[in-house]
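Beneath this line is the structure, given in structure tokens, with notes to follow.
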Amino acid sequence: MKEADIALARLPQADGILKPRPIVILREMPKYRDFLVCGISTQLYQEVKNFDEIISPNDSDFARSGLKAGSLIRLGFLNVLVRKDVLGIIGEISAERHQRLLKNLSGYLMKSN
């Protein structure tokens, strides 16, 4: 498992139930090598413009993503997972998309209100 991989992991849903969901591995965290991940959803209407990112079948990295339909990479749905909670890798996103996601997230975190 590595950064930019798309994997399946059990994530808590709004009702508290853990459900296998696709995720993007954003960063491997220091010391214990846990993963900072964000969820992926097919609910494209939830997109936060200039923050989240849609990956669609027309994108050059879609075929290797392992996703079945156009999807929303949700930077607002973050989790830190231990390696054993990652069920398996299904694909990956491009290095360019991965860097854009990190830039969007870090830019938001650095904003002053």
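The values are calculated or read from the model by the stated rules, or taken from the named source; none is laboratory data. Computed from a predicted structure; not experimentally measured. Methodologically, a virtual Cβ is constructed for each residue, glycine included, from the backbone with ideal geometry; neighbour enumeration extends over all protein chains shown.
Taking region 66-99 as the range and being over 16 Å from F35 (Cα atoms), surrounded by 14 or more Cβ atoms within 10 Å (Cβ to Cβ) and basic (K, R) as the test, only R97 passes.
The residues in region 59-95 that are in contact (Cβ under 8 Å) with a residue 24 or more places away in the chain and not in a loop (DSSP other than H, G, I, E, B) can be counted, and the count is 21.
On the basis of being among the small types (G, A, S) and in contact with a strand residue (DSSP E or B) (Cβ under 7 Å, 6 or more places away or on another chain), does S65 make the cut? Against the criterion (among the small types (G, A, S) and in contact with a strand residue (DSSP E or B) (Cβ under 7 Å, 6 or more places away or on another chain)), S65 qualifies.
Per the listing D15, D34, D61, D52, the residue uniquely out of contact with any Pro (no Cβ under 8 Å at 6 or more places or on another chain) and under 12 Å from N79 (Cα atoms) is D34. Here L36 fits the description: of a type in the set (A, V, I, L, M, F, W, C) and in contact (Cβ under 8 Å) with a residue 24 or more places away in the chain.
Among the residues of region 6-35, the one identified as closer than 15 Å to S71 by Cα and of a type in the set (D, E, K, R) is R21. Checked against the criterion of being exposed (fewer than 12 other Cβ atoms within 10 Å of the Cβ), at pLDDT 95 or above and within 15 Å of I6 (Cα to Cα), the candidates I23, I54 yield just one match: I54. Hey, L109 hits all of (1) at pLDDT below 95; (2) assigned to a helix (DSSP H, G or I); (3) under 18 Å from M1 (Cα atoms) but one; which does it fall short on? Here L109 clears every test but (3).
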